[in-house]
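Each value in this text was obtained by applying a stated rule to the coordinates, not by laboratory testing. For clarity, every value in this text was computed on a predicted model and none was experimentally measured. Note: ideal-geometry Cβ built from the backbone for every residue, glycine included; neighbour counts use all protein chains shown.
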Amino acid sequence: MPLTSKERVARCLARRPADRVAMYDWFWAETEAEYVREIGDPDLWCGIHDAKAGAHHKRTLWEYFDFDLMQVAWPDQRLRMVAPTVLDETDEWVLLRDGNEAELRWWKHKMGTPEHVRFGIDSPEKWARVKPLLQASRDRIRWEEFWPRYRRARERDRFVCFAFVEVIESVKDTLGHEMLCKALLKQPDWIRDVFATYTQFEIDMFRLCEAEGMICDGAFIYGDIAYKNGPYMSPRHYREFVYPCHKRLFDEFKARGMPVILHSDGDIRPLIPHFIDAGVDMINPLESRAGMDVRELAPLYGDRLSFCGNIDVMVLATNDREQIRAELHSKMAAAMKYQGYMYHSDHSIPPGVTLATYRWLLDEVRRFGSYE
């Protein structure tokens, strides 16, 4: 008998037998817009057009494709929740100063990681000045967007995750990667205070969300902790500075019986044992071009850790079904042996993956991913 989405994801996270692999994914904004346009359903939500239009009654692509998981909450973590200041712009890009006093150069017409130009919070003294701004409050959550999604997810018995960022992701938005890493070595007391402050803020926002009645089944926590060639810091520094913060945050979820899914791009292999110790139940998205390969990882950790992703978007972008089938089958088969695999691309679905290819892909995942 088919399981509900909530049951399917819960069993995947616990590495228990299920009817088929669970399924979830992310899309680049340009891909989302193209799929919505091609599908042609006026009641389908598109972030580019609908995010500020009050169209939160519309279904998302996650619902349209009948994925098993829904994310809610996404609290605003900026020091000041203000509109960014335009400092410079061309036809292609715009330089903005945001609510963290960070100056970032963004593409105007496509998604992408911004260029880090300057970070205004670059000393303990400046941090002390803005630290009191980081307070939990109701206006940090887009309730009008997430309450409808939450209710629809509950009606369909989907697995609902509290989504937020962890401490590295928070601090890099305020200090930048360079200052963050230098402070670990040269100003450890300062960086401990910054980490502790953001960790308490993350916990307070989770508790606020819970107090409002948005009770979730699990946590999907985002934090890019690595580059293509390895983590931003050594395992020793992770263990000394970051692990206590992760453990403290994840313990909040574990106390409520909520499994933890941790997202990080890049090569996180040296940190995986420490993530497991901190309470991570599943890692995502296992970026292929950074050397992450579930065929190698599942035999090492499959008895203690579940996996979400690793399907190479560069292969998907070929739209070659034989190549895609080979990618899917080899990686899914390796992880499914341990009962703990959730389908997901190894990043986000990029422009160029046609809707026809993507629909076929999901059908193939459901067919090959059956345990029955």
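Give the average over all directions of the projected area of the C-alpha convex hull of the range 80-120, one decimal, in nm².
Numbers: hull surface 11.5 nm².
If I average the Cα hull's projected area over directions, I get 2.9 nm².
By what distance, in whole Å, do the Cα atoms of the range 41-146 stretch along each of the three principal axes, largest value first?
For the range 41-146, the Cα extents along the three principal axes come out at 50, 37, 23 Å.
Could you give the distance between the Cα centres of the range 104-144 and the range 20-36, to the whole Å?
Going from one Cα centre to the other spans 27 Å.
Tell me, in nm to one decimal, what length is gained between R152 and A333 on full extension, where the rule is 0.36 nm per residue of separation less the Cα-Cα distance? All intermediate terms of the calculation are to be shown ahead of the outcome.
Details: separation 181, 0.36 × 181 = 65.16 nm, distance 3.22 nm.
Length difference between fully extended and current span is 61.9 nm.
Which of V82, F119, L104 sits closest to the plus end of the dipole of the range 80-120, meaning its Cα is farthest towards the positive end, when Lys and Arg get +1 and Asp and Glu get -1 on the C-beta?
V82
Using alpha-carbon pairs under 8 Å, 6+ residues apart, how would you state the relative contact order of the chain in percent? Walk me through the intermediate numbers first.
Numbers: 681 pairs, mean separation 72.6, N = 372.
Computed value for the chain: 20 percent relative contact order.
Please order F201, F368, F250 by the number of other Cβ within 10 Å, starting at the fewest. If you can, show how the numbers build up before the last one.
Values: F201 19, F368 16, F250 22.
If I rank by nearby Cβ atoms, fewest first, I get F368, F201, F250.
Ratio to report: Rg/Rh of the range 165-278, with Cα atoms as the point set and Rh obtained by the Kirkwood method; give two decimals. It would help to have the intermediate numbers written out before the result.
Working: Rg = 14.0 Å, Rh = 14.5 Å.
In the range 165-278, Rg relative to Rh is 0.96.
Using only DSSP helix segments of four residues or longer, with each worth -39500 (n - 2.57), what per-residue ellipticity at 222 nm results for the chain after dividing by its residue count and rounding to 500?
Details: 14 runs with 154 residues, N = 372.
That calculation yields -12500 deg cm²/dmol at 222 nm.
What is the sum of charges around S170, taking Lys and Arg as +1, Asp and Glu as -1, for the other residues whose C-beta is under 12 Å from the C-beta of S170? Please list the in-between numbers first.
Details: positive: R78, K172; negative: D76, E166, E169, D173, E202, D224.
Once positives and negatives cancel, what remains is -4.
Could you name the lysines whose alpha carbon sits less than 29 Å from that of K110, not counting residues in the same chain fewer than 8 places away?
Qualifying lysines at Cα under 29 Å: K52, K58, K172, K228.
How do S348, S264, S234 line up, fewest other C-beta atoms within 10 Å first?
Values: S348 16, S264 25, S234 13.
Least crowded to most crowded, the residues run S234, S348, S264.
Order of 274-280, 136-142, 219-225 by packing, highest average Cβ count within 10 Å first? Could you put the intermediate results ahead of the total?
On the way: 274-280: 19.0, 136-142: 15.0, 219-225: 22.7.
Put in order of decreasing packing, that is 219-225, 274-280, 136-142.
Which percentage, to the nearest 5, of the DSSP beta bridges contained in the chain is antiparallel?
Numbers: 16 of 42 bridges.
Approximately 40 percent, going by the DSSP bridge assignments.
With charges only on Cβ, +1 for K and R and -1 for D and E, what is the dipole size of the chain about its Cα centre, in debye, rounded to 20?
Numbers: 52 positive and 60 negative charges, 186 e Å.
Charge dipole, the chain, about its Cα centre: 900 debye, nearest 20.
Just want the ordering: D189, D98, from fewest to most Cβ atoms lying within 10 Å of their own Cβ.
With the fewest neighbours first, D189, D98 line up as D189, D98.
Based on Cβ point charges of +1 for Lys and Arg and -1 for Asp and Glu, what charge dipole magnitude is obtained for the range 106-221 about its Cα centre, in debye rounded to the nearest 20?
Once rounded to the nearest 20, the dipole reads 320 debye.
Radius of gyration and Dmax for the range 195-342's Cα atoms, expressed in Å?
Rg and Dmax of the range 195-342, Cα atoms, are 16.5, 50 Å.
Taking only the alpha-carbon positions of the range 75-224 and ignoring solvent, what does the Debye formula give for the base-10 log of I(q)/I(0) at q = 0.13, 0.14 Å⁻¹?
Listed by q, the Debye log ratios stand at -0.70, -0.79.
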